[in-house]
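What follows is a set of notes on a single structure, which appears directly below.
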Amino acid sequence: MGVPSIFFYIIAAASPLTVVVALYPIIIGAGNGVGMPGAFVIAAVVLMIFAVGYVAMSRHVTNAGAFYAYVTLGLGRITGLGSASLAIFAYNAIQAGLYGGFGYYASELLNPVLGVAIPWWAYAFVALLACLGLGVQGVHSGAKVLGVFMTLEVTMITVLSLFSLFGGNVPASDFSLEPFAPSMVFGGALGVALMFAHASFIGFEGSAIYGEEARDPARTIPRATYLSIAFMGGLYAVSGWLIMNALGLDDVVAIANETGGNFIFAASDTIIGHNISLLFQILIVTATFAAIVTFHNNVSRYLFSLGRQTLVWKPLGWTLPRRQTPWVASIVQSAMVGIVIAGFAVAHLDPFATLFTWATGIGTIGVIFSQLVAGIAIFVFFRRSNVDKRVWNTVVAPVLAVVGLAAFFVLTLNSLDVLLGVTGATAVVMLSLVFVALLAGMAYGLYLRFFVPAKYEVVGRALNERELDEPAPEAR
């Protein structure tokens, strides 16, 4: 895989159209209002700084279980297994939520056209089978599909942005830079805005997962990572600025609150006209599927990494002889998510208000937490080793990243009611799942240490999986 293929996977995971459709109205209405574009700039800067240490470490570790490998080398075996469990849980949760969103959007789009009431879960299971097929075929096949879907959704966002210069309620000559003014950016509920802005980049950290399948990973991974963060940050900030100005900065907050999830559909009909919102409704379905495929690949490769080291069920480490794809891990991952879909279907719960909102919210918290732990591990790794002496890459940037991610994590915990749509004991129980996932992995590590020492010794070995005969130094 080259830079373009990995770039497609990263952008598909973030699903820009889903961000524009689902998150723009939340950030505008419940976040910092007109300062929304500035929140994306802040998030992009923090994540770009995190990426400095992240890609610096990717030069020394090539492993399909990125967070697991990094944390193991930096913080030790037990914490490494905890991070693997946390990452698997978080990515599975996000993917399960995306299936709820896919089923909802697909049924809303197709059922009126077909004149039948096909349940959302039927669409979700069709998507699951298609995703499994692409996962078994391999990342190259998936990259081609994602390249098409990602190009279409980015094209539509660009078209809407360009039309904002000519077809909105406000002429381009009156457009204001006020959305980037500090008074606007840091006003309102900044915590809510930064939380969702950060969530809009989730998936970029998956670049290191494809290190084994990348062409010259020492160069490919850094380039794809930096490019994806810069691209998404620019796309979200610029398109948001143009759309908001076109609708009128004095009116956009009220419009977002009034239209909610239909904000972009209403904005596109206002700015472009000709019932163009139908095209956006079609593309939100394909965009959601593209994100599903990416998170499927992320989870299956974590399972594959653990299986290959015989730390869990050994067949998870099996690959197809010709394509070298982790087919057992792909099947197991699909089965795990399928059980969640079936559970919500049997319980007759709303696919968007419950499965999509709850699962993606919990997954978002898990990913932010995973990034924070990885950031600490990266800093510690470079303090313990002499493989890289660059001060900015191995000291300053990792410290700044940890501070920024810790702030994001605290802001997220303080905004659970907005993120999950629930409060009180329910929110506490759902949040506890994130910490349970981490502690479960650590408990398994302790079990291996005291009762299966032979397997425990495997943890931390062969983390450079392109050189299995030359294991990396053990983490203490």
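Rounded to the nearest 500, the 222 nm mean residue ellipticity of the chain from helices alone is -23500 deg cm²/dmol, with -39,500 (n - 2.57) taken per DSSP H run of at least 4 residues. Summing Cβ point charges (Lys, Arg +1; Asp, Glu -1) relative to the Cα centre of segment 3-462 gives a dipole of roughly 2200 debye.
The residues neighbouring Asn262, those whose beta-carbon lies less than 15 Å from its own, together hold a net charge of -3 under the Lys/Arg +1, Asp/Glu -1 convention. Applying D = kT/(6 pi eta Rh) to segment 297-421, where Rh is the Kirkwood radius over alpha-carbon pairs, T corresponds to 37 °C and eta to 0.692 mPa s, the Stokes-Einstein value obtained is 186 µm²/s.
Comparing segment 295-368 with the 2.2 N^0.38 Å rule of thumb, its C-alpha radius of gyration ratio is 1.31 (two decimals). Excluding same-chain neighbours fewer than eight residues apart, the lysines reachable from Lys455 by a Cα-Cα span under 20 Å are Lys314. Peptides 177-187, 121-131, 280-290 ranked from most to least packed by the mean count of surrounding Cβ atoms within 10 Å: 280-290, 121-131, 177-187. Take each peptide in 306-316, 363-373, 446-456, count the other Cβ atoms within 10 Å of every residue, and average; sorted highest first, the result is 363-373, 306-316, 446-456.
Can you bin segment 43-119 into rounded, prolate or oblate? Criterion: square roots of the alpha carbon gyration tensor eigenvalues sorted a ≥ b ≥ c, rounded for a/c under 1.5, prolate for a/b above b/c, oblate for the rest. Judged from the Cα gyration tensor, segment 43-119 comes out prolate (a/c at least 1.5, a/b above b/c).
For the set Met48, Met36, solvent exposure ranked by accessible area (probe 1.4 Å, protein chains only) runs largest to smallest as Met48, Met36. Loop sites here are GluC sites (Glu not before Pro) outside DSSP states H, G, I, E and B with no more than 15 other Cβ atoms within 10 Å. The longest part of the chain free of them is 1-466.
Cα centroids of segment 1-80 and segment 92-116: 25 Å apart.
Highest mean packing comes first when the peptides 432-440, 399-407 are listed by Cβ atoms within 10 Å, giving 399-407, 432-440.
With all projection directions averaged, the alpha carbon convex hull of segment 1-134 covers 11.4 nm².
Relative contact order, whole percent, for the chain stands at 35, derived from Cα pairs under 8 Å and 6 or more residues apart. Averaging 1/r over each pair of different alpha-carbon atoms in segment 3-462 and inverting the result gives 22.3 Å, the Kirkwood hydrodynamic radius.
The values are calculated or read from the model by the stated rules, or taken from the named source; none is laboratory data. These numbers come from a predicted model, not from an experiment. Counting neighbours? That spans all protein chains shown, and the Cβs are built from the backbone with ideal geometry, glycine included. The accessibility values were calculated without ligands, DNA or RNA, using every heavy atom of the protein model including side chains. Shrake-Rupley method; radii C 1.70, N 1.55, O 1.52, S 1.80 Å.
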